[in-house]
Amino acid sequence: MADQIQLATLGGAAAKPGRLAYIDWLRGLACLGMFQAHCYNSWLNSDARKSQFYRWSQEVATLPAPLFIFLAGVSSALVTHRLRQKGLSRNAIARATILRGAEIFGLGLLFRGQEYLLGYPKSPWTDLLRVDVLNILGLSMMLMGVLCWLTASTTSDKSSKKGIAWGLILAAAIAIATPWLWTTHRPSGLPWPLESYINGVHTFAQPQPWLFPIFPWVAFGFVGLAVGFLLFSDFSQGKETIMVAALGAAGISASVLSMVFDAAPLHWYSAAIYDYWHTSPNFFLMRCGILLALVFVAYAWCRWGWAQRGFSPIIQLGNTSLLVYWVHIEFVYGRFSILPKGRCTILQASAGLLVIFLAMLALSVLRTTWKKRRAKAGRATPAPAAATAESG
């Protein structure tokens with residue numbers, strides 16, 4: 001959910017816009033999916049919630065969160081790879097990336113505090129400790145920073161190869177362990193705020209699928225990290241189109257395998273704990289397959305389509321995804337909701353969705369314009385030392 005990591009602030013050179021446009025486009029696409037999921041979930045009345053339209057809306061709603069976390073992994077790989085190429089020590093790289101993750105985690109806690117205050121006195125104090133998207137995104141980035149520190153080798157290329165291997169191994173291990181940690185092997189001896197980071201139990205008797213615990217959500221970050229290291233490795237230089245196409249093919253294959261494994265007569269888990277749509281590694285494999293296919297679609301659209309021909313609203317939203325996430329929540333779910341919650345038709349909610357989209361796009365444009373003006377003013381203002389030297 002976080003904005004793309006700025007390489008300049010971490011000591012790296014700015015990335016080429018054309019190369020990263022498809023990453024921002026994907027992040028913007030995740031924003032669109034998030035908007036529609038939240039708007040229809042908050043505003044539709046009970047009759048509209050029984051419709052096929054709402055069902056498909058909620059199916060689409062399963063993609064934005066894993067896409068945000070996956071893209072955070074890709075961005076972390078890009079930053080780490082470029083800082084390694086600049087010759088920074090592994091400790092310096094780890095410090096920069098882990099602190100960035102800690103910043104996002106802190107913002108997640110701040111966001112929960114804001115929502116509690118705006119919802120007071122109706123909001124329960126336990127919401128302050130809810131494991132939400134920003135919390136797990138920040139934690140994922142910190143864990144990826146630790147993994148990159150552990151896998152650092154003598155050369156950048158060797159480090160990337162180890163990062164790819166261990167990223168996929170950890171992702172698979174997390175996905176495989178999830179069904180057990182949600183059911184028969186729950187760490188129930190821990191206080192609920194800590195257990196909730198493992199399985200999303202919160203204050204309820206059972207883990208909740210609408211929360212974002214480490215198992216399985218961090219696994220999407222590790223997959224993104226492996227994909228990022230692959231895309232930005234020395235091996236992929238000059239073959240980016242081929243590599244992205246291969247990822248798309250791998251995504252289709254993974255989706256097919258997910259259905260084959262789910263239909264197989266034998267399973268690793270008993271029927272009592274097997275839940276395809278929430279904890280199953282097969283569903284995780286399906287979502288990863290869709291994410292990889294989307295990488296190819298975004299790359300193709302940005303390179304050969306219309307995405308970069310003039311102003312792109314999707315890319316614009318992707319540049320400020322953290323800001324629009326933070327702001328839109330209060331106007332959809334919060335006290336300042338622009339439509340009455342739970343009382344709207346599909347047409348009314350769709351009109352509200354359009355208003356939210358346009359408002360967040362305008363906010364995004366204002367944000368980037370302000371940043372450009374600040375940067376321009378900073379370049380135009382001479383440094384004090386330089387001014388003193390000139391006057392002397």
Would you tally the residues in the stretch 324-339 being open to solvent by 50 Å² or more (accessible area, probe 1.4 Å) and not aromatic (F, W, Y)?
2
Among the listed residues I338, I346, which satisfies the condition of being touching a residue at least 40 places away in the same chain (Cβ under 8 Å) and among the β-branched types (V, I, T)?
I346
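Checking the structure you have, find out if any residue of the stretch 260-280 is aliphatic (A, V, I, L, M) and under 23 Å from A61 (Cα atoms).
no
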Criterion: without any contact (Cβ under 8 Å) to a residue 40 or more places away in the chain, surrounded by fewer than 19 Cβ atoms within 10 Å (Cβ to Cβ) and over 24 Å from P64 (Cβ atoms) - qualifying residue of I242, I273
I242
The stretch 109-154: number of residues that are within 20 Å of the chain's Cα centre (by Cα), free of Cβ contacts under 8 Å to residues at least 60 places away in the same chain and in a loop (DSSP other than H, G, I, E, B)
0
G87 fails exactly one of the following numbered conditions: (1) at pLDDT below 95; (2) outside any loop (DSSP other than H, G, I, E, B). What is the number of that condition?
(2)
List the number of the failed condition for G248; all other conditions in (1) modelled with pLDDT of 95 or more; (2) loosely packed, with under 14 Cβ neighbours inside 10 Å hold.
(2)
What are the residues in the stretch 276-295 that are surrounded by fewer than 21 Cβ atoms within 10 Å (Cβ to Cβ), under 20 Å from the mean Cα position of the chain (by Cα) and aromatic (F, W, Y), if any?
W277, F283
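The values are calculated or read from the model by the stated rules, or taken from the named source; none is laboratory data. This is a predicted model, so every value here is computed, not measured. Note: ideal-geometry Cβ built from the backbone for every residue, glycine included; neighbour counts use all protein chains shown. Only protein heavy atoms, including side chains, enter the accessible area calculation; ligands, DNA and RNA are left aside. Shrake-Rupley method; radii C 1.70, N 1.55, O 1.52, S 1.80 Å.
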